[in-house]
Amino acid sequence: MLWLVVATRVLANPCSNAMQKVLAGRGLGPLWVIGFTHLGLGLAVLPWLLTRPLPTAPDFWWNVSLSAVLATVANTLIVVAVHKADLSLVGPVNSFKPVVSLLPGWLLLGERPTIEGVLGIALVIAGSCLLNSPQSKAERWSFSRLFRDHGVQIRLAALVPSAVEAVFLKRALPHGDAFAVFAWWVVLCLPAVGVALLLTRGFRQIGGQLAVLRAAWLPATGLILATGLMQSCTVVTLAWLQVGYSLALFQTSSVILVVIGWGWFGERDFARRLAGSLVMAAGAAVIVTTR
């Protein structure tokens, strides 16, 4: 059962990113992409919520609320990233999440990188060198060129709130079942998006954004379904496994993003980027499983 849930999550994540890229390409703003997604999911979970008593533990509300705020920040940045850059670039960059977590683990928890952890970092860096298309022989193994891409920079910025969000979801699970955590996460993301739209005066665009949504109802529906599957499976996986192991398993979705980017959006250098994503996913798994 666990592997079925993980496999569903691995497949749903790249589908969600692909639909986000389609909608952003048609003119739907990043916050509106997230807002409409959670509005659709909220309508789906509302009948269930109305039949269930409210969770009473303050820790449940505290952790789910924080995860919703962090998810809003991370997912908005992800929509911007997939709009600005190739899926086959920004997808594998997610493998840097375990690398990013090493520094706070060292400073705050006293976790020292092991030899295996250093090997994992080397694999992630080596794989990332394969992602960008070299413009010259000197750039064939360039590490820095990848990070000059604006979309990649934004995707890297999303790693921290995305990783911390998973921690708070995990902390909420002892105070409610997995579906309750998922359902309230869906609902609590809506006020977070609303506040962000107020601060950015995004509600002035509501007429145009609704017109875009009506014209793109099919990918919007696909995004709602894919996001619902992805996040519900994430919560279930976190209930069974440690956060680190879960994040390592999820890295395999980056390989599917490379395939979707090549097959659907016509992105180039398929073989090179596929090889890079495989090496990066292996490196991320080494880092996490040896900590």
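The values are calculated or read from the model by the stated rules, or taken from the named source; none is laboratory data. Given the structure is predicted, the values throughout are model-derived calculations rather than measurements. So basically every Cβ, Gly included, is an ideal-geometry build from the backbone, and we count neighbours across all protein chains shown.
Tabulated data
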item	result
Criterion violated by Ala163 - all others in (1) out of contact with any Gly (no Cβ under 8 Å at 6 or more places or on another chain); (2) under 30 Å from Leu274 (Cβ atoms); (3) modelled with pLDDT under 90; (4) crowded, with 21+ Cβ neighbours inside 10 Å satisfied	(4)
Wholly within the range 1-107, helices (runs of 4 or more DSSP H) carrying at least 2 residues that are touching a Lys or Arg at 6+ places or on another chain (Cβ under 8 Å)	58-84, 87-90
Selection from the range 1-20 of residues that are out of contact with any Gly (no Cβ under 9 Å at 6 or more places or on another chain) and at pLDDT 95 or above	Gln20
Which listed residue, of Leu70, Leu49, is surrounded by 20 or more Cβ atoms within 10 Å (Cβ to Cβ), in contact with a Phe, Trp or Tyr (Cβ under 9 Å, 6 or more places away or on another chain) and not aromatic (Phe, Trp, Tyr)	Leu70
Some residue of the range 58-67 being over 17 Å from Pro219 (Cα atoms), buried (at least 23 other Cβ atoms within 10 Å of the Cβ) and under 14 Å from the mean Cα position of the chain (by Cα)	yes
Some residue of the range 269-276 being crowded, with 21+ Cβ neighbours inside 10 Å and either in contact (Cβ under 8 Å) with a residue 24 or more places away in the chain or closer than 22 Å to Val69 by Cα (or both)	yes
Filter pass, Ala81 being farther than 27 Å from Leu210 by Cα and not charged (D, E, K, R)	no
Residue identified as surrounded by 22 or more Cβ atoms within 10 Å (Cβ to Cβ), β-branched (Val, Ile, Thr) and not in a loop (DSSP other than H, G, I, E, B) among Val195, Val186	Val186
Top-ranked residue of the range 229-245 - restricted to ones that are modelled with pLDDT under 75 and farther than 16 Å from Pro174 by Cβ, ranked as surrounded by the most Cβ atoms within 10 Å (Cβ to Cβ)	Gly244
